[in-house]
Amino acid sequence: VGVPESDLAVARAANPRPIEAVAADLGLAPADIEPRGDGIAKLTQEAVRSATADAAAAAGTTVLVTGMTPTPKGEGKTVTTVGLGQALSALGESTAVAVREPSLGPIFGIKGGAAGGGYSQVLPMEAINLHFTGDIHALTAAHNLISAALDNHLHQGNDADVDVRRVDWPRALDVNDRALRETVVGLGGSAHGVPRENEFVITAASELMAALGLAADLADLKARIGRIVLAETADGDPVTPADLGVTGAVAALLRDAFRPNLVQTNEGVPALVHGGPFANIAHGTNTLVADRVGASLADYLVTEAGFGADLGAEKFADIVAREGIVPDVAVVVATVRGAKRHGLEMWPADFDALAEPDPDAVRAGVANVRRHVEIVESFGIPAVVAINVFPDDTEAELAAIESTLDDAGIAVARSTAYMAGSDGALDLAELVRERAGTGAYAPLYDLDAPLREKCETVAREVYGADGVEYVDGAAADLDRIEEWGHGGLPVCLSKTPYSLSDDPSLTGVPEGWTLTVREASVSAGAGFVVVKTADVMTMPGLPAEPAAEGIDIDADGDVSGLF
Ligand SMILES: Nc1ncnc2c1ncn2[C@@H]1O[C@H](COP(=O)(O)OP(=O)(O)O)[C@@H](O)[C@H]1O
Ligand SMILES: O=COP(=O)(O)O
Ligand SMILES: [Mg+2]
């Protein structure tokens, strides 16, 4: 324990258990897993089926880890998820951790890995952060097979009468590449297809990623693929992969990607790492099937929803929990740097300045933490705050967060899981066990409410907006989606994660503002309506100094610079 030289150094020094022993902790026999390299396995189709057969029997306690409005580096939800899982296990609880698979975009961009960190990470971090078991590559291929089939359909005569100007299916790549946001395909003459504008999204934003994340089983995944709305006909009718006859091929490409991956934490606790949607542009949680496996095979499932409670936790509560994975308690992760940024009203976050001790700014920024606690409690889910302690945090700043929350009657515990693993999260684990199950979950809105009402409910009650303004074609989009019969779906708002509002520069708890909705599209395969606000990007760009510039490999194949 102690401040690690790097996440990679800790990962390399770890002494992982045989994956069969990890599986056995969940009651899985060697025949229930398919090893995929050292310390990695996929569950077999049969193991998934039997573990999720009676989804309602997921009798375990589900802990949802969410957070405050983060800085671009993240405030430690994944670290806390792993650390808390290790602490519950150290207290003798049968525990499974469930987190998403990292996207290569942030790995080579700003954020870095998504496998946790320090003495609270999932291992083997190099494999997990790079190609892992190939699920995201399979999703990229499947996504682009649909694109190729659509453009081939246009080239072969367009029997489905697709309106080339109303194609809403991008191409996908697992990369941050702003140059692909707007492209043109089919150039070069009639032999090369039909010229049309085309955008790329990062695979984490693909509707296929969301469909895989919310499907109950392979048959459901195939049905979801078949009903994805790719485009419209000249008469305004939807065109789907089923219309193109490629549903089976796409589902076949995802056969293995649909099965959850089993790995372990630094301390050998079972970890299901599966699915990878971001929470700003999609629903931001790992797969439902992994949650169901974890909740069914362990007494405690600790799982994470991306970004702040305004994004991942709201989507977990209004989309995932309706499928039966109901959080019994939520952990809101807060940090000194995160609170300080809000207290200083600093955007973008200047990490050098944030390193300067400033207890007063920290205390002022706790208002943002409290707002996220209120958001979680608005779903009837009891919340505890975890202060994720960084090595350079001062006692005065930590005490500023603790005392402000104590005074407000909010349960809070420090976590030093990054430096100390389970030993650093025992207080948090005790608090979680104490508060779990003391609430009564309810989604924020009924599914039969109009789409506009759902948008306004989230805007007002979660984001704190005074209302919603629909600009560009957003109102017509919502009307058309309801005409198509999809009005009963939940909404998945796509919003900046760096503010409770849709303006990243508004820190703290913004008041007196209106949410701007600029477009809506139905993700009929995922089972929600994506509502885009302000200028959220679905294809991020690399920063001025990409993390890629610090990553290297030596002649023995050892990778360096992966955090
Ligand atoms: N307590 C901590 N001390 C030092 N680094 C940390 C700590 N918690 C998280 N980190 C690092 O910060 C980054 C974000 O952590 P992560 O758990 O991925 O946050 P989130 O899931 O909220 O985005 C990672 O590089 C991680 O290693
Ligand atoms: O979707 C975002 O997830 P993190 O907040 O864990 O980076
Ligand atoms: Mg995370």
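The stretch 176-226 holds strands (runs of 3 or more DSSP E) entirely within its bounds, and those carrying 2 or more residues that are more than 16 Å from ligand 3 (Cβ to nearest atom) and either touching a Phe, Trp or Tyr at 6+ places or on another chain (Cβ under 8 Å) or touching a residue at least 60 places away in the same chain (Cβ under 8 Å) (or both) map to 200-202. Taking the criterion of being of a type in the set (D, E, K, R) and within 12 Å of ligand 3 (Cβ to nearest atom), the residues of the stretch 82-121 that qualify are ARG100, GLU101, LYS111.
Table: residues versus (1) in contact with a strand residue (DSSP E or B) (Cβ under 8 Å, 6 or more places away or on another chain); (2) outside any loop (DSSP other than H, G, I, E, B).
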| position | (1), (2) |
| --- | --- |
| ALA367 | no, yes |
| PHE379 | no, no |
| GLU397 | no, yes |
| ALA400 | no, yes |
| SER403 | no, yes |
| GLY409 | no, no |
| ARG414 | yes, yes |
| TYR418 | yes, yes |
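For (1) more than 16 Å from ligand 1 (Cβ to nearest atom); (2) within 30 Å of GLU519 (Cβ to Cβ); (3) over 23 Å from the mean Cα position of the chain (by Cα), each residue gets a yes or a no:
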position: GLY109; (1), (2), (3): no, yes, no
position: SER120; (1), (2), (3): no, no, no
position: ILE136; (1), (2), (3): yes, yes, no
position: ALA142; (1), (2), (3): yes, yes, no
position: PRO170; (1), (2), (3): yes, yes, no
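Among the residues of the stretch 287-296, is there at least one that is of a type in the set (S, T, N, Q), in contact (Cβ under 8 Å) with a residue 12 or more places away in the chain, in a loop (DSSP other than H, G, I, E, B) and within 16 Å of ligand 3 (Cβ to nearest atom)? Yes, the stretch 287-296 contains at least one residue that is of a type in the set (S, T, N, Q), in contact (Cβ under 8 Å) with a residue 12 or more places away in the chain, in a loop (DSSP other than H, G, I, E, B) and within 16 Å of ligand 3 (Cβ to nearest atom). Considering (1) open to solvent by 10 Å² or more (accessible area, probe 1.4 Å); (2) under 18 Å from LEU262 (Cα atoms), the lone condition that LYS73 does not fulfil carries the number (2). Selection within the stretch 270-302: residues that are of a type in the set (S, T, N, Q) and either open to solvent by 10 Å² or more (accessible area, probe 1.4 Å) or more than 22 Å from HIS131 (Cα to Cα) (or both). The member of this set that is nearest to ligand 2 (Cβ to nearest atom) is ASN280.
Scanning the stretch 381-395 for residues that are more than 16 Å from ligand 3 (Cβ to nearest atom) and either in a strand (DSSP E or B) or surrounded by fewer than 18 Cβ atoms within 10 Å (Cβ to Cβ) (or both) gives ALA383, VAL384, VAL385, ILE387, PRO391, ASP392, THR394, GLU395. Taking the stretch 80-100 as the range and being within 10 Å of ligand 2 (Cβ to nearest atom) and either assigned to a helix (DSSP H, G or I) or over 21 Å from the mean Cα position of the chain (by Cα) (or both) as the test, only THR81 passes. Select from the stretch 448-506 the residues that are of a type in the set (Asp, Glu) and part of a loop (DSSP other than H, G, I, E, B) and write down the one among them that is farthest from ALA205 (Cα to Cα). Ranking the candidates gives ASP466 first. Considering the stretch 527-562, and only residues there that are open to solvent by 50 Å² or more (accessible area, probe 1.4 Å) and closer than 30 Å to LEU214 by Cα, the residue that is modelled with the lowest pLDDT turns out to be ASP535.
Picking from residues in the stretch 489-526 that are farther than 16 Å from GLU456 by Cβ and among the β-branched types (Val, Ile, Thr), the one that is surrounded by the fewest Cβ atoms within 10 Å (Cβ to Cβ) is VAL509.
The values are calculated or read from the model by the stated rules, or taken from the named source; none is laboratory data. Fair warning: this is a prediction, and the values are worked out from it, not measured in the lab. Note that each Cβ is placed from the backbone with ideal geometry, even for glycine, and that neighbours are counted across all protein chains shown. Side chains included, ligands, DNA and RNA excluded: accessible areas come from the protein's heavy atoms. Shrake-Rupley method; radii C 1.70, N 1.55, O 1.52, S 1.80 Å.
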